[in-house]
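Visitor: Pasting a structure here, questions to come.
Computed from the coordinates by the stated procedures, all read-outs in this text should not be read as laboratory data. On a predicted model such as this, the values are computed, not experimentally measured, just so you know. Note that each Cβ is placed from the backbone with ideal geometry, even for glycine, and that neighbours are counted across all protein chains shown.
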Amino acid sequence: MEPNKTETRDATRDKRRRRRTPRSRFQMRISTKYGPRKSTNGEPLTCTSETTLKPEQLLELYRYLKLTRLVEERLVNLYRQTKVVGGVFRSLGQEATAVGTAYALQPHDFITPLIRDLGAVLVKGIKPREIFAQYMAKAWGPSGGRDLNIHFGDMDKGFIGPISHLGDMIPVMTGILLGARFQNKKLVAVAYIGDGGMSTGAFHEGLNFAAVQKLPLIVVAEHNQYAYSTPTSLQTAVKDLAEKAAGYGIPAYIVDGNDVIACYEATRLAADYARRGNGAVLIEAKTYRRKGHAEHDDQRYVAAGEIEWWEKNNDPVDRFEKYLLQTGVAKEQLDEITAAVMREIDEDCAWAESSPLPEPEQAAYNVFDNSIVRPAFRPRILD
């Protein structure tokens, strides 16, 4: 018996539905508007010309980029003088990701960075002197010498200090946002994660919860090609980290992580989407880590010429300088900004170096809330 016209129509519709796999549906939710571009004339790239930023904002953005790079260069000098306690973890070559994304937020919004997101911390209002004193474990540092790197926080500035366990700050940030919802506070939060950290259970649990609860969380995935010394291709099967957003039913952006304007614009759109109650967003920033995991890492696992190519052709500071000069936004201002940044760094570094080391007894204080729990001292056996 031949099928009737209705059965034929239904079969055709079902066949079309089968062609529309979940993968193709969610690919439509990955925006590549601000994604990486290739040079058309062999010249080094600049930045995207589409921006809502005003000239004075572009110059402020440049100041944060230079501040980030020059603060880290000073930290390396201090490290080589053995004045730094512990390691130095640089963001050389990927500063635009942290600076551009954080600059798109409002003052009351929150961030929780990784060790390579110093730029975001500076944008949120932390001063270089605090960074220097923290790295040198000085008494005047934010943690009073109890911890190092950017392992501290400032709630008033919307900065939640990171911990070493990769991915664990994403569930923490969902808690911040859930608490804000209960208090009727309209804020957005950004949690930074690396390509290696995206393979952890904490990343999945935190982002899944944020997606289900429609929390205004933006996860910035810094695809910098290496998880310590492991290439991204050896620790995740997807080509684009943004594809992982499909598993949580949330939209994603692929952005050029070395284009500070692209990072700003994509985050601005994501923050607006999240702030309107639509839920979480994943931003994949494609960038490159030009230094090892820390200063002690000699990067012997990197192919010859790879680092040099990125330095010559895709440096975020060089690209933005070229953009500012070509568009006429800046001329002599760039040198003036750099000189002002250097003066600030010199003054703040001298202040931090003049700070005393903490007294040993202070280690017992402020571990817990001392208005509730008394400081714990080891019992004296011999006086």
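Visitor: Average the reciprocal distances over every distinct pair of alpha-carbons in segment 51-358, invert the result, and give the Kirkwood radius in Å. Don't skip to the end; give the middle numbers.
Guide: Working: mean 1/r = 0.0510 Å⁻¹.
Computed over Cα pairs of segment 51-358, the Kirkwood hydrodynamic radius comes out at 19.6 Å.
Visitor: Express in nm, to one decimal, how much length is gained between Gln183 and Val212 on full extension, taking 0.36 nm for each residue of separation and deducting their alpha carbon distance.
Guide: Working: separation 29, 0.36 × 29 = 10.44 nm, distance 1.94 nm.
Stretched fully, the Gln183-Val212 segment lengthens by 8.5 nm.
Visitor: Summing Lys, Arg as +1 and Asp, Glu as -1, what charge do residues with Cβ under 10 Å from the Cβ of Val76 carry, Val76 excluded?
Guide: Once positives and negatives cancel, what remains is +1.
Visitor: Let me ask something additional. Return one number: the angle in degrees, 0 to 90 and rounded to the nearest 10, between the long axis of the Cα atoms of helix 260-273 and the longest principal axis of the Cα atoms of the chain.
Guide: The angle comes out at about 70 degrees.
Visitor: Do you know the relative contact order of the chain, to the nearest whole percent, from alpha carbon pairs under 8 angstrom that are 6+ apart? Could you put the intermediate results ahead of the total?
Guide: Values: 651 pairs, mean separation 91.4, N = 383.
Averaging sequence separation for qualifying contacts and normalising by length gives 24 percent for the chain.
Visitor: Check the straight Cα-Cα distances from Lys157 and name the lysines below 23 Å, setting aside those fewer than 8 residues away within the same chain.
Guide: Straight-distance partners of Lys157: Lys66, Lys124, Lys127, Lys138, Lys185, Lys186.
Visitor: A follow-up question, please. In nm, what is the difference between 0.36 nm times the number of residues separating Ser354 and Ser164 and their Cα-Cα distance?
Guide: Values: separation 190, 0.36 × 190 = 68.40 nm, distance 2.84 nm.
Between Ser354 and Ser164, full extension yields an extra 65.6 nm.
Visitor: So, one more: Using amide H atoms built 1.01 Å from N in the peptide plane, name the residues 5+ places from Ala137, or on other chains, whose amide H lies under 5 Å from its own.
Guide: Val85
Visitor: Taking H placed 1.01 Å from N in the peptide plane, check which residues at least 5 places from Ile111 or on another chain put their amide H under 5 Å from its amide H.
Guide: Amide H neighbours of Ile111, under 5 Å, 5+ apart: Phe159, Ile160, Val190.
Visitor: Which order do the peptides 360-373, 283-296, 308-321 come out in when sorted by mean C-beta neighbours inside 10 angstrom, highest first? Don't skip to the end; give the middle numbers.
Guide: Numbers: 360-373: 10.6, 283-296: 21.5, 308-321: 18.1.
Ranking, from highest mean packing down: 283-296, 308-321, 360-373.
Visitor: Step through the residues of segment 98-114 one at a time and calculate ³J(HN,Hα) from phi using the Karplus curve (6.51 cos²θ - 1.76 cosθ + 1.60, θ = phi - 60°), rounding each to whole Hz and writing x for Gly and Pro.
Guide: 5, 5, x, 5, 5, 5, 7, 8, 8, x, 8, 6, 10, 10, 9, x, 9
Visitor: Give me the one-decimal nm value for the distance between modelled label points at Arg37 and His296, 7 Å along each residue's Cα-to-Cβ direction.
Guide: 4.2
Visitor: For labels at Asp318 and Asn77 in the simple 7 Å Cα→Cβ model, what's the distance in nm?
Guide: Rounded to a tenth, the inter-label distance reads 2.3 nm.
Visitor: Net charge near Val220: determine it from the other residues with C-beta under 10 Å of the C-beta of Val220, scoring Lys and Arg +1 and Asp and Glu -1.
Guide: -3
Visitor: Then there is this: What is the sum of charges, Lys and Arg at +1 and Asp and Glu at -1, for the other residues whose Cβ falls under 15 Å from the Cβ of His165?
Guide: Working: positive: none; negative: Asp147, Asp168, Glu205.
Combined, the nearby Lys, Arg, Asp and Glu give -3.
Visitor: As a test, work out the antiparallel percent of DSSP beta bridges whose residues both lie in the chain, rounded to the nearest 5.
Guide: Numbers: 3 of 26 bridges.
Beta bridges within the chain, antiparallel portion: roughly 10 percent.
Visitor: Quick one: Karplus J couplings for segment 49-61, per residue in order, coefficients 6.51, -1.76, 1.60, θ = phi - 60°, nearest Hz, x for Gly and Pro?
Guide: 7, 7, 8, 9, 6, 8, x, 5, 6, 4, 5, 5, 4
Visitor: Treating the beta-carbon of each Lys and Arg as +1 and of each Asp and Glu as -1, no other charges, what is the dipole magnitude of segment 51-358 about its Cα centre, to the nearest 20 debye? Display every interim value, and only then the final one.
Guide: Details: 34 positive and 39 negative charges, 136 e Å.
The calculation lands at about 660 debye.
Visitor: Among the trypsin sites (Lys or Arg not before Pro) within segment 154-251, which fall in a DSSP loop and have no more than 16 other Cβ atoms within 10 Å of their own Cβ? Mind dumping the intermediate values first?
Guide: Values: sites: Lys157, Arg181, Lys185, Lys186, Lys214, Lys239, Lys244; in loops: Lys185, Lys186, Lys214, Lys239.
The qualifying sites are Lys185, Lys186, Lys214, Lys239.
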